[in-house]
Amino acid sequence: MSSFPFCAEYDKRGAAKCKRCKDKLEKGQLRIGKIVPNPFSESGGDMKAWHHVDCLFETFKRARATTKKLEDPIDDLEGWEDLEVEDKNKIQDLISDLQNNITEKVTPKKQTPKKTTTSPKKTPQSQTKHFQAGGQASNQRHMQCQANM
């Protein structure tokens, strides 16, 4: 297993597709891979789920609070030192934007409506229908119902 939860590199062949938008990643384009368990191997291991840089950060914005996000590129991003300065600056800007959105995002607790304690209306016995086993209305009544009439 990789010690980094994410990796970054420039696409070598142009064959990979972004896991979010499903568009092809262009050859030479910066891509970030999320290291995930490999579901296709019996021996386990890891695989990389490739994303466009912007697409990955869009998924972070919608992710649960417990989802691992890219917070510190030096500790979390394998291949950080091999990236161009322009791309490093872009990633750092996206990380700071994400952290600002997380701190601003305060979701209020949902309030459940209070139940009223009124007693249910009782229907007069004369208006209730009695049913036979087949679900058809009948004039026959329970002995107790007959006595209350």
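The values are calculated or read from the model by the stated rules, or taken from the named source; none is laboratory data. As the structure is a computational prediction, the values presented were derived from the model and not from experiment. Neighbour counts run over all protein chains shown; Cβ positions are idealised from the backbone, glycine included. Areas reflect the complete protein model, heavy atoms only, side chains present, ligands, DNA and RNA absent. Shrake-Rupley method; radii C 1.70, N 1.55, O 1.52, S 1.80 Å.
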(message) Can you list residue pairs whose Cβ atoms sit under 6 Å apart, with the first residue in region 1-26 being free of Cβ contacts under 8 Å to residues at least 60 places away in the same chain and the second being among the polar types (S, T, N, Q) and open to solvent by 50 Å² or more (accessible area, probe 1.4 Å)? Count only pairs 6 or more apart in sequence or on different chains.
(response) Asp11/Gln29
(request) Output the residues belonging to region 40-77 that are among the polar types (S, T, N, Q) and in contact (Cβ under 8 Å) with a residue 24 or more places away in the chain. (result) Thr59
(request) Out of the residues in region 54-88 that are surrounded by fewer than 16 Cβ atoms within 10 Å (Cβ to Cβ) and aliphatic (A, V, I, L, M), state the one that is farthest from the chain's Cα centre (by Cα). (result) Val85
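Conditions (1) assigned to a loop (DSSP other than H, G, I, E, B); (2) open to solvent by 30 Å² or more (accessible area, probe 1.4 Å); (3) acidic (Asp, Glu), marked per residue:
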position: Ser3; (1), (2), (3): yes, yes, no
position: Ala8; (1), (2), (3): no, no, no
position: Gly14; (1), (2), (3): yes, no, no
position: Arg20; (1), (2), (3): yes, yes, no
position: Glu26; (1), (2), (3): yes, yes, yes
position: Ile32; (1), (2), (3): no, no, no
position: Ser41; (1), (2), (3): yes, yes, no
(message) So for region 46-64 (the condition being farther than 22 Å from Tyr10 by Cβ, out of contact with any strand residue (DSSP E or B) (no Cβ under 8 Å at 6 or more places or on another chain) and part of a helix (DSSP H, G or I)), does at least one residue qualify?
(response) yes
(request) Output the number of residues of region 72-111 satisfying the condition of being in a loop (DSSP other than H, G, I, E, B) and either modelled with pLDDT of 85 or more or basic (Lys, Arg) (or both). (result) 7
(request) Could you tell me which of the residues His51, His130 is open to solvent by less than 80 Å² (accessible area, probe 1.4 Å) and at pLDDT 85 or above? (result) His51
